[in-house]
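Report on the following structure.
The values are calculated or read from the model by the stated rules, or taken from the named source; none is laboratory data. Just so it is clear, the model here is predicted, and its values are computed rather than measured. Cβ atoms come from the backbone with ideal geometry, glycine included; neighbour counts cover every protein chain shown. SASA here: full protein model, heavy atoms, side chains in, ligands and nucleic acids out. Shrake-Rupley method; radii C 1.70, N 1.55, O 1.52, S 1.80 Å.
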Amino acid sequence: MKTWKKVTVIVVTILILALIIGFYLFSTRDSREPSFVAWNKHCSSCHGADMDGSAEGLGLLAAKLKFGDTIPELIDVIRKGVDGSQMPGYASKLDPTLIKALALYISERRQRFPTTRDSYRKTDLNDRIVQSHHHDFHLERIVELESRPYSVVHMPDETLLVAEKTRGLSLVDTEGVQSPVIVGTPRVWDAALRFEGSWLNWGTVLDVALHPNYAENGWIYLSHTDRCQLSCGWPLPATMVRVVRGRIKDGTWVDQEIIWSVHKDHYTPVPDAVAAGRLAFDGEGHVYVSIGGKNTYSKLHDLNTPYGKVHRVKDEGSIPTDNPFYEPEEDRPESSTIHTVWSYGHRTGQGLDGHPVSGEIWNTEMGPRGGDEVNRIQGGKNYGWPLFTNGLDYNGEEVSIGKDLGLDFKLADTVLPVVDFTPAPAISNFTFHNGNAFSAWADDLLIGTLKAKTLYRVRLSGDEVLETEKLITDFGRIRDVTMGGDGFIYLAIEHDENGSLWRLRPRT
């Protein structure tokens, strides 16, 4: 019996790895086959094979489109056509999913997003002056890092605390000099496999954050993927997000305490790229941690598992009894995480932050081909993935995972995104602007992206988007965005095999 169990584990591990490798290879290629075929069949004779136009039709890459260039506007034109022109309507000829795929294809080409592999290539990353709607600013390099970063924090003494995924924590002083790795933090491991510019990691440092009362207590919170080498039942390393806190004294990590962790049964060989591990505080003594889909999507709606959820604990690690699904320890299975679940139905939560005034928790979340989201996180609520998304699958077909899993809740029973990014720029972390240096950006969202290499500014009124602006474009994979106590904005960029830290300060 034990032999069969080992064989089963090995087979399952091989299948998971095959799926992972297939996902990385497939999702990083130009996988637009249905829309590409439809474009060549129905559209290229007028608009050109490369959308550069012809005598019969408008070029679509640079021209301002009369009827708009959002996905709903493009879909409407493709469906209905344009009266008095050679543009016919395709509502009766193409199914709605293929019409949406065509709209995505056009929008993706207009956005000029690079492939994932190309997004890692270092472009002209020089200091520059940037003009924007409300403020002109200097974009200036602080330091070139040893390896790819995940998070950066501006410290009260104006040094920067940076978390590099496969190196650990270090400090960058006000002269831009990076310290050696801080001794004593949880172990990190070198990357194992590489596909299309992305490394597959098992055992990395993720987010770093200061306690709201850091000046008084010195607590620093750190999320990482704890590695179970061979003792978790897998023939390969298995990892899972864990949150600890500690203090830094004389270049050493001390006083470590575990704040949030899960049973070893939840450790998996799914690589850490989907681990999330973002941290946020609400100003009322709670810390939140986002967990990605480090397992099959069937687990995202199982409240006894940690995956695809935002979790909530008190800042010293105890469990609030007012959590929406709280169960006393004696009433739940040993491995259950239901008592810390705050929200569920998330895909890959790449960002998490608390509003500086209200304390409300928000997240940013990657979709597939479209459906990148900004969400207001509400306790006990379902965010819909994988049954509902504004995106399509990577091959341009409808995302059918939720239906295949038998999920049957209604759209009305989910929380819809406040901001949708379709096509998907590969949204990453974000911050609410909170400072005096850029006063006209007060409370605006500053959102980083990976593939698009763009920093967005989004202004909201309640849940209504009032203004969206690209502050920086074609810059680098923006892994983290954070406010400094000096009112300046700090970016952590990953490129090539390392990364860099940058600062936005007003033009004087």
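Values as computed for the structure displayed
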read-out	value
Segment 38-51: number of residues that are within 34 Å of the chain's Cα centre (by Cα) and surrounded by 13 or more Cβ atoms within 10 Å (Cβ to Cβ)	4
Long-range neighbours under 7 Å by Cβ, at least six apart or interchain, first residue part of a loop (DSSP other than H, G, I, E, B) within segment 397-416, second modelled with pLDDT under 95 and of a type outside the set (S, T, N, Q)	E397/P34; E398/L392; V399/P368; V399/G391; V399/L392; V399/D393
In segment 457-466, the residues that are touching a residue at least 24 places away in the same chain (Cβ under 8 Å) and either under 17 Å from P417 (Cβ atoms) or crowded, with 23+ Cβ neighbours inside 10 Å (or both)	V458, L460, D463, V465
One residue from G351, G370, G384, G379 being at positive phi and modelled with pLDDT of 95 or more	G384
Residues of segment 129-179 that turn out to be under 21 Å from the mean Cα position of the chain (by Cα), open to solvent by 40 Å² or more (accessible area, probe 1.4 Å) and in contact (Cβ under 8 Å) with a residue 40 or more places away in the chain, as a count	0
Selection count where residues are hydroxyl-bearing (S, T, Y) and assigned to a loop (DSSP other than H, G, I, E, B), scope segment 463-479	1
Matching entry among Y383, Y394 (being surrounded by fewer than 24 Cβ atoms within 10 Å (Cβ to Cβ) and among the aromatic types (F, W, Y))	Y394
Conditions (1) of a type in the set (K, R); (2) outside any loop (DSSP other than H, G, I, E, B); (3) modelled with pLDDT under 95: number failed by R278	(3)
Meets criteria (in contact with a strand residue (DSSP E or B) (Cβ under 6 Å, 6 or more places away or on another chain), over 25 Å from H311 (Cβ atoms) and either open to solvent by less than 10 Å² (accessible area, probe 1.4 Å) or of a type in the set (V, I, T) (or both)) for V188	no
